[in-house]
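Just passing along the structure, written as structure tokens.
The values are calculated or read from the model by the stated rules, or taken from the named source; none is laboratory data. Just so it is clear, the model here is predicted, and its values are computed rather than measured. Don't worry about glycine lacking a Cβ; one is built from the backbone with ideal geometry, like all the others, and counts go over all protein chains shown. Side chains included, ligands, DNA and RNA excluded: accessible areas come from the protein's heavy atoms. Shrake-Rupley method; radii C 1.70, N 1.55, O 1.52, S 1.80 Å.
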Amino acid sequence: MLDLQRLRALHAVAVHGTVGAAAASLGYTPSAVSQQIAKLERETRTVLLERRGRGVRLTEQAEQLAATAQQLLAIVERAETELEERRGLPAGRLTVAAFASAARGLLPAVLADLAVRHPALDTRLTEVDPHLSVDLVARGAVDLAIAHDWDIAPLPAPPGVEQAPIGEDLCDLLVPAGHPFAGRASVRREDLGGERWICQPPGRVCHGWLVRTLRAAGCEPDIVHQADENPTLVALVAAGLGVALIPRLGRGPLPAGVVEVPLDPLPVRRLYALWRSGAARRPAIAETVRTLQAHWPAVSARN
């Protein structure tokens, strides 16, 4: 008899690509995940992981077993959903994936609220890129994802994944205090040519949005500094090293030397909650989505 928890560990490695990332998603240590895989190898008399440099690679047999594990986990999820639906109360473990600024600016208050009102619900948060989080939902690695898209770059939901809007987050141009834009009431997108830009690396949603937005306005962006975290981007602007377009959610107070200038028109990104269609009836999903939507007006007003 194959152990479900060991299959869950193998499936997590298949989804996340590394033992460390799988452990983080499951709330285990990397050593615990490695032990689960080793026991599964002994049970199946099969080599499942092969060393490749500093990482691991799933063998062909492991890929097949991971696909079967995904099917079994989906059956378990349906059973848990039916039981929770019968009780009518949010309960059990709920894994949530969110992008960085939502994890910082929105989720703490939401998760604390859920913990007080629904003590039987055990929510677990993982911070990931929005495009990755949608795939994690589709593959059954997390229960719920908080993702975002931009007005010119919609985020598609794959088949079998449902979504609900949470709210709209505004984005401002941040410039050093001595910049010519600092004293203006607003700046048109067509005026942004020739600036030195600070933004997230290629592959990030905000990077792609910036490039497309400026090109649509007839400007080719000169990206001179790249960093993952918004506080780092703000610090680079404060040092006078360029300008940045940064959303308000989770941004926090601006330091001295940084001026916020509205763009005309004001860029908007939309936040969504996404979950698998098979789990739509689960009270934990429905209540978490309602709580996210209920908290958004207060969060948006603070930004």
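What distance in nm separates the two pseudo spin-label positions at ALA217 and ALA115, each 7 Å out from Cα along the beta-carbon direction?
4.1 nm
Cα axis of helix 107-117 to longest principal axis of the chain: angle in degrees, 0 to 90, nearest 10?
50 degrees
What does the accessible area per residue of segment 39-128 come to in Å², with a 1.4 Å probe and no ligands, DNA or RNA counted?
60 Å²
Considering every Cα-Cα pair within segment 194-284, what fraction, in whole percent, is farther apart than 21 Å?
The answer is 39 percent, as a whole percent.
Return the whole-Å distance between the Cα centroid of segment 245-266 and the Cα centroid of segment 1-46.
Here the answer is 42 Å between Cα centres.
Principal axis extents for segment 55-129, Cα atoms only, whole Å, descending order, please.
Principal-axis extents of the Cα atoms in segment 55-129, largest first: 45, 35, 13 Å.
Provide the per-residue ³J(HN,Hα) series for segment 181-195, in order, calculated from phi with Karplus coefficients 6.51, -1.76, 1.60 and θ = phi - 60°, each as a whole number of Hz, with x at glycine and proline positions.
6, 4, x, 8, 6, 6, 9, 7, 4, 5, 8, 8, x, x, 7
If you stretched the chain out fully between GLU168 and GLU229, how much longer would it get, using 0.36 nm times the residue separation minus the C-alpha to C-alpha distance?
This chain segment gains 19.9 nm when fully extended.
Taking a ≥ b ≥ c as the square roots of the eigenvalues of the Cα gyration tensor of segment 135-244, is the shape rounded (a/c under 1.5), prolate (a/b larger than b/c) or oblate?
In terms of gyration-tensor shape, prolate.
May I pose another question? Taking segment 168-207 on its own, what percent of its Cα-Cα pair distances exceed 17 Å?
Taking all Cα-Cα pairs of segment 168-207, the fraction more than 17 Å apart is 42 percent.
Grab the eigenvalues of the alpha-carbon gyration tensor for segment 84-178, scale each by 5, take roots, and send me the semi-axes largest first in whole angstrom.
Ellipsoid semi-axes (Å, largest first): 28, 18, 11.
Moving on to the next point. Kindly give the semi-axes, whole Å and largest first, of the ellipsoid equivalent to segment 201-247, taking each as the square root of 5 times a Cα gyration tensor eigenvalue.
Ellipsoid half-lengths, sorted descending, are 18, 12, 9 Å.
Report the antiparallel proportion of the DSSP beta bridges in the chain as a percent, rounded to a multiple of 5.
Once the DSSP bridges in the chain are tallied, antiparallel ones form about 65 percent.
Show the residues, 5+ positions off or on another chain, whose built amide H is closer than 5 Å to the amide H of LEU155.
HN-HN under 5 Å from LEU155: TRP150.
Multiplying the sequence separation of LEU72 and SER277 by 0.36 nm and subtracting their Cα-Cα distance, what value in nm do you get?
72.2 nm
Same structure, new question: Under 20 °C and 1.002 mPa s, how fast does segment 244-283 diffuse according to Stokes-Einstein, given a Kirkwood radius computed over C-alpha pairs? Answer in µm²/s, whole number.
The diffusion coefficient I find is 154 µm²/s.
So what does log10 I(q)/I(0) come out to for segment 1-149 at q = 0.10, 0.12 Å⁻¹, using the Debye formula with one equal point on every Cα and no solvent?
Values returned for q = 0.10, 0.12 Å⁻¹ are -0.39, -0.55.
Normalising by the residue count of segment 43-152, find the relative contact order in percent from Cα pairs under 8 Å and 6+ residues apart.
That works out to 25 percent.
Okay, next question. Would you compute, from DSSP H runs of 4+ residues alone, the mean residue ellipticity of the chain at 222 nm, taking -39500 (n - 2.57) per run and dividing by the full residue count, rounded to the nearest 500?
-13500 deg cm²/dmol
Separate question: Starting from the Cα gyration tensor of the chain, multiply each eigenvalue by 5, take the square root, and state the resulting semi-axes largest first in whole Å.
40, 23, 16
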